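What follows is a short report on a single structure.
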Amino acid sequence: MAGPDFDAEIKQLQATMRTIEQVIDLDTMKTEIADLQEQVAAPDLWDDQANAQKVTGRLSMLQGELERFEGLQSRVEDLGVLVELATEEGDADSMADAESELARIRKDVEALEVRTLLSGEYDEREAIVTIRSGAGGVDAADFAETLMRMYTRWAEQHKYPVEVFDVSYAEEAGIKSAEFAIHAPYAYGTLSVEAGTHRLVRISPFDNQGRRQTSFAAVEVVPVLEQTDEIEVDENEIRVDVFRSGGPGGQSVNTTDSAVRLTHIPTGIVVSCQNEKSQLQNKASAMVVLKAKLLAKKKAEEAALKKDLKGDVAASWGDQMRNYVLNPYQIVKDLRTGFETGNPSAVFDGDLDGFLEAGIRWRRGADKAAAN
C-alpha cells in the first residue's frame, strides 16, 4: 500500500497553521503577553489580589496558547526535514516514523483548528459540570457515576485539574448527582457541547432476570465566573443550610457540619459543596457555582427571547444528544452531529475528543444558520 504524499500533506498542514495564526491574531497575542508580563513584574501587583489573579491567570493562559501554537508549528517544520533526510538516505525506519508523526500532527492541528471556533463570550473560561441521574432507577444512578468518571478521565488525559464540589450518592449504587469544576482554558467552550440528556441502553447488571434497561442522565455545563462578571446576588434571597459531609452509603467523612447547601429562593436553584474542611470555604465555593448557574440562566433567557423574536430556527440544539448502546450491539452515537464509534469502553474511559470536536463544529454551523 502506497504511503502518504508527504509534500502535499505538509503543505496542507502549513496552510492550516497560517489560517489558525490569522484567527488567533498571533501578533496581538504576543503584544498582550508583553503587556501582562510588565504588570506581573510590578512590585504592587498583589496589593489588589483579585486583579493580580486575573492578570496572572490571563498571562498563563496566553503563554500556554502561544507555546501550543509555536510547538506545533515547529513540529510541522521538523517533519519536513525528517522526510527529506529519510528520502535522501532511503531510510525505511525513519520514513515509518515520519508517517506516524504525520498522523499525530494532523490530529493535533485539527484540534487546534477546532479551538479557533470557540469564540463565544465565555468560551475561554473554565467549566463547572453538573450531572444528575434521570429515569431508570439504580441503572440511571450507575450511569450518572459512569459519566462523571468519563469526564474526569478525559480531563486527566489532558492533564486538566478537576475539583469536586459535591457528590450525592444513591442508596444502592451510583450517584444521584455530582458537581465538579474542570480548571483549564476553554474548558467551558469545549464541554458546553456535552450539555443535554444522555441515554444508555444495556443489559442491566442490577436486574436478576437479565433484561435490557434504558436509563437517562442529564449533564449541565456552565462557565466559571470572574470578579468582573456582572452577577449580583442578594444575600437575603439565599437560604444557607449546613450539614455533615458524607460518603458512599452515608458513611461520615467529616465530624463537623462543614458541608453547605445554598438555595436561591427566587429561582429555586440549589447548589451544595462539601469538598473543603471549612464551612466558610465550602460556602465560598458554593457561591461560585451558584453565580455561574444564575449567569447561565440569564443567558438562556436572553437567548430564548431572541429566538421568540426571530421565530423558529432550524437545526436547534436538541435536549437528548447522545445514545450509548451496549446491547444488542455496541455503539455510541451523537444524535446531533451523527458522529459515532463502536468502542463504548474507550468513550467511557475518557476518549471524547472526536465527539467534542464534532459538537463544536456542529454548533458553529447551527449558530451561522440561526444568524441568517
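FYI, it's all coordinate maths here, none of it is from the lab. As the structure is a computational prediction, the values presented were derived from the model and not from experiment. Here Cβ is always computed from backbone atoms with ideal geometry, including for glycine, and neighbour counts include all displayed protein chains.
State which entries of Lys107/Lys297; Lys283/Lys368; Lys107/Lys298; Lys277/Lys299; Lys30/Lys293; Lys176/Lys297 exceed 30 angstrom in Cα-Cα distance in the structure shown. Write out the running numbers ahead of the final one.
Working: Lys107/Lys297 35 Å; Lys283/Lys368 40 Å; Lys107/Lys298 36 Å; Lys277/Lys299 33 Å; Lys30/Lys293 33 Å; Lys176/Lys297 22 Å.
Where the Cα-Cα span goes over 30 Å, the pairs concerned are Lys107/Lys297; Lys283/Lys368; Lys107/Lys298; Lys277/Lys299; Lys30/Lys293.
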Worksheet item: So how tilted is helix 26-41 from the main axis of the chain? Cα-based, degrees 0 to 90, rounded to 10.
Response: 60 degrees
Discussion item. Please compute the length gained on full extension between Ser119 and Leu85, using 0.36 nm multiplied by the number of residues separating them and subtracting their Cα-Cα distance.
Written reply: 8.2 nm
Worksheet entry | Theoretical FRET efficiency, 1/(1+(r/R0)^6), r = Cβ-Cβ of Leu280 and Ala135, R0 41 Å, to 0.05 | 0.65
Worksheet entry | Highest-fluctuation residue, Ser278, Ser94, Ser60 considered, GNM on the chain with Cα pairs under 10 Å | Ser94
Response to the item:
Quick calc, the stretch 160-230, dipole around Cα centre from Cβ unit charges on Lys, Arg (+) and Asp, Glu (-), nearest 20 debye, gives 680 debye
Worksheet item: Say we join alpha carbon atoms closer than 10 Å with springs in a Gaussian network model of the chain; which of Lys293, Lys30, Lys283 then has the biggest fluctuation?
Response: Lys30
Response to the item:
Calculated from DSSP helices alone, with each H run of at least 4 adding -39500 (n - 2.57) and the total divided by the residues of the chain, [θ]222 nm to the nearest 500 comes to -17000 deg cm²/dmol
Practice prompt. Note the angle between two axes, namely the Cα long axis of helix 137-157 and the longest principal axis of the Cα atoms of the chain, as a number of degrees from 0 to 90, rounded to the nearest 10.
Written response: 40 degrees
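Only Cα pairs under 8 Å and at least 6 apart count here; give the relative contact order of the chain as a rounded whole percent. List each step's numbers first, then the result.
Details: 568 pairs, mean separation 53.9, N = 372.
About 15 percent, as a whole number.
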Worksheet item: Taking only Cα atoms, what is the 0 to 90° angle, nearest 10, from helix 6-24's long axis to the longest principal axis of the chain?
Response: 50 degrees
Discussion item. Taking the Cα centre as origin and putting +1 on Lys and Arg beta-carbons and -1 on Asp and Glu beta-carbons, what dipole magnitude results for the chain, to the nearest 20 debye?
Written reply: 1980 debye
Practice prompt. Kindly identify the stretch 1-144 as rounded, prolate or oblate by the Cα gyration tensor criterion: order the square roots of the eigenvalues as a ≥ b ≥ c, call it rounded if a/c is under 1.5, otherwise compare a/b with b/c, prolate if a/b is larger, else oblate.
Written response: oblate
Worksheet, complete the sentence: If R0 = 41 Å, then Ala366 and His183, at their Cβ-Cβ distance, give a FRET efficiency to the nearest 0.05 of 0.90
Discussion item. With a 10 Å cut-off between alpha carbons and a GNM built on the chain, which of Arg115, Arg68, Arg199 moves the most?
Written reply: Arg68
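Tell me, in nm to one decimal, what length is gained between Val40 and Phe206 on full extension, where the rule is 0.36 nm per residue of separation less the Cα-Cα distance? Numbers along the way, then the final one.
Details: separation 166, 0.36 × 166 = 59.76 nm, distance 5.60 nm.
Here the answer is 54.2 nm.
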Discussion item. Per 0.36 nm of contour for each residue apart, how much would the distance between Thr214 and Lys30 grow if the chain were fully extended, relative to their Cα-Cα spacing?
Written reply: 61.1 nm
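Within the P(r) computed for the chain, what percentage of the Cα pairs occupies the region above 38 Å? List each step's numbers first, then the result.
On the way: 19891 of 69006 pairs.
Summing the P(r) tail past 38 Å for the chain gives 29 percent.
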Worksheet item: So how far apart, in nm, are the two label points at Gln22 and Asp108 if each is 7 Å from Cα heading toward Cβ?
Response: 2.4 nm
